[in-house]
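Student: Dropping a structure here in structure tokens format, bear with me for questions.
A short reminder: the numbers here are calculations on the coordinates, not readings from a lab. Everything quoted here is computed from the prediction, not taken from an experiment. Cβ placement follows ideal geometry from the backbone for every residue including glycine, while neighbour counts extend to all protein chains displayed.
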Amino acid sequence: MVKAQKKRRRGNCMLFENVCIEGMGYVIPDRIIKTSWIEEQLAPINKQVGAPAGFIERLTGIKDHRWWDDGVWISDGTAMAGEATLKKTGIGREEIQCLINASVCRDYIEPATASIVHHKLRLQPTAMSFDVVNACLGFLNGMIIIANMIELGQIDTGMVVAAEDPKEGQLSTIEKLLKNGPSRDDLRDNLASFTLGAASVGIILRHKSKSKTGKRLLGGTSFSNTENCQLCVAQNTWMRTKSTALLNEGAKVVVKAWDRFQEKFGWTNDMVDRLFTHQVSEPQRKSVLKKLKFAPGIDYPTLDYLGNTASVAAPISMAIGIDKGVVHDGDKVVLFGVGSGINSIVLGIQW
């Protein structure tokens, strides 16, 4: 047993023998904000710096974004995803033994948003709850933590949830740009703010002895290049991104993470039936697929109508894809995450 544990830990590779995915739930806000509306607000700035009309949509491939209705807190959106996940799986709320909130956005600095979601979901007082925040990668980090707890025998059922809402930051950035009369470089560095969108998602992981699905989370690998931790920095009301450098360096990290996954798990590109990835822009999505040497069409993009939903992006694409029937019994599925920092995780799933 000791030798097996040592082998399992070697090389920062995560191997799970007892973890199943019971199901996923998600919520897409009804309120649609078109990229064309954002560009209308920025029209004086675009004219000033010589940016052509419609350039944001053409550059990003994003047509629509979502905002939550006024008065909806992050914990509300997160709890809605939690409820949707409970309903989808048929698992009782009293069976959840750990709740992780992986949202970048939050209600307050403290308490942890997870504690508020725990209350709104009416979970048992014996169910622990906490936040795990790692930019757009937090949801996959949360999955790994729950999976490890299941493997260790600490819990048999856990939930990860996340919600995002860029409204405050987008409105604040528009106001700031109009007020300050920025240069073309300023507009470029703030462009990432206008790719974001709102949504929420949840997943329940369970010990295989209690699973009704048998859909295995096999494990994963990670890779980081934190020399580039300053390429994207953000607060509630602003985000500054060196987009070209971030996309180039991020692609390198993603390729390294996938190379490590193939080495540790013995998978090849041809063995993968479906790929769900984090999505920032259409050029980024296509570029990463090309550098990973995957054929077009193997992923399931939601970018054009949701925007970049940060920690929600990769898992909600998977949840929607499952609902739409693009994943079939026996499929080998890859869930790919990347976040500012730059960090990446690859998770392998046997559906």
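Student: State the answer as a single residue: which of Ala257, Leu303, Val272 lies farthest towards the positive end of the charge dipole of segment 216-350, with beta carbon charges of +1 for Lys and Arg and -1 for Asp and Glu, about the Cα centre.
Tutor: It is Ala257, whose Cα lies furthest towards the positive end.
Student: Fewest first, what order do Tyr108, Tyr300 take by the number of other Cβ atoms within 10 Å?
Tutor: Final ranking by Cβ density, sparse to dense: Tyr108, Tyr300.
Student: Another one. Which angle between 0 and 90 degrees, to the nearest 10, do you get for helix 74-89 versus the longest principal axis of the chain when only C-alpha atoms count?
Tutor: 40 degrees
Student: Can you compute the modelled spin-label distance between Leu15 and Arg93, with each label point 7 Å from Cα toward Cβ, in nm?
Tutor: That separation, rounded to one decimal, is 4.0 nm.
Student: So which trypsin sites (Lys or Arg not before Pro) in segment 253-296 end up in coil per DSSP with only 16 or fewer other C-beta atoms within 10 Å?
Tutor: Those that pass, being in a loop and sparsely packed, are Lys293.
Student: Additional query: Let a ≥ b ≥ c be the square roots of the eigenvalues of the Cα gyration tensor of segment 223-334; is it rounded (a/c under 1.5), or, if not, prolate (a/b larger than b/c) or oblate? Write out the running numbers ahead of the final one.
Tutor: Values: a/c = 2.13, a/b = 1.33, b/c = 1.60.
The shape class here is oblate.
Student: While we're looking at this one, here's another question. Considering the values (i) 27, 54, 18, 1; (ii) 32, 58, 10, 0; (iii) 34, 61, 5, which represents P(r) over Cα pairs in 20 Å bins from 0, in percent as calculated for the structure under consideration?
Tutor: (ii)
Student: Starting with the fewest neighbours, write out Ser344, Ser115 ranked by other beta-carbon atoms found within 10 Å of each beta-carbon.
Tutor: Ser115, Ser344
Student: Using alpha carbons only, how many degrees (0 to 90, rounded to 10) separate the axis of helix 282-292 from the longest principal axis of the chain?
Tutor: 40 degrees
Student: Roughly what angle does helix 167-180 make with the longest principal axis of the chain, taking Cα atoms, 0 to 90 degrees, to the nearest 10?
Tutor: Helix 167-180 sits at roughly 30 degrees to that axis.
Student: Using the crude model of +1 on Lys and Arg Cβ and -1 on Asp and Glu Cβ, and no other charge, please compute the dipole size for segment 216-350 relative to its Cα centre, in debye to 20. Working shown, then result.
Tutor: Values: 15 positive and 12 negative charges, 63 e Å.
That gives a dipole near 300 debye.
Student: Still on this structure: Please work out how much length the chain gains when fully extended from Glu110 to Thr226, using 0.36 nm per residue of separation minus the C-alpha to C-alpha distance, in nm with one decimal. Numbers along the way, then the final one.
Tutor: Working: separation 116, 0.36 × 116 = 41.76 nm, distance 2.66 nm.
Working it through step by step, the gained length comes to 39.1 nm.
Student: Give me the lysines in straight-line cross-link reach of Lys212: C-alpha distance below 20 Å, same-chain residues under 8 apart excluded.
Tutor: Correct list for Lys212: Lys87, Lys88, Lys332.
Student: With a Förster radius of 56 Å, plug the Cβ-Cβ distance of Thr213 and Gln48 into 1/(1 + (r/R0)^6) and report the FRET value to the nearest 0.05.
Tutor: 0.55
Student: Sticking with this one: Starting with the highest mean, order 311-319, 25-33 by the number of other Cβ atoms within 10 Å, averaged over the residues of each peptide.
Tutor: The packing order, highest mean first, is 311-319, 25-33.
Student: Further, regarding this structure: How would you order 186-199, 125-138, 41-54 from highest to lowest mean count of nearby Cβ atoms within 10 Å?
Tutor: Working: 186-199: 23.1, 125-138: 18.9, 41-54: 14.7.
Sorting 186-199, 125-138, 41-54 by mean packing, highest first, produces 186-199, 125-138, 41-54.
Student: Then there's this: Testing the spin-label approximation: label points 7 Å from Cα along Cα→Cβ at Asp304 and Asp70. State their distance in nm.
Tutor: It is 3.3 nm.
Student: Would you mind ranking Val280, Val104 by Cβ crowding within 10 Å, fewest neighbours first? Let's see the in-between values first.
Tutor: Values: Val280 27, Val104 24.
The order, fewest Cβ neighbours first, is Val104, Val280.
Student: Given the DSSP H assignment, sum -39500 (n - 2.57) over each helix run of at least 4 residues in the chain and divide by its residue total; what's the result at 222 nm in deg cm²/dmol, nearest 500? Mind dumping the intermediate values first?
Tutor: Working: 13 runs with 135 residues, N = 351.
Value at 222 nm, helices only, nearest 500: -11500 deg cm²/dmol.
Student: Label-point separation (nm) for Asp259 and Ser36, each offset 7 Å from Cα along Cα-to-Cβ?
Tutor: 4.4 nm
Student: With +1 assigned to the C-beta of every Lys and Arg and -1 to the C-beta of every Asp and Glu, and no other charges, what is the dipole magnitude of the chain about the Cα centre in debye, to the nearest 20?
Tutor: The calculation lands at about 1180 debye.
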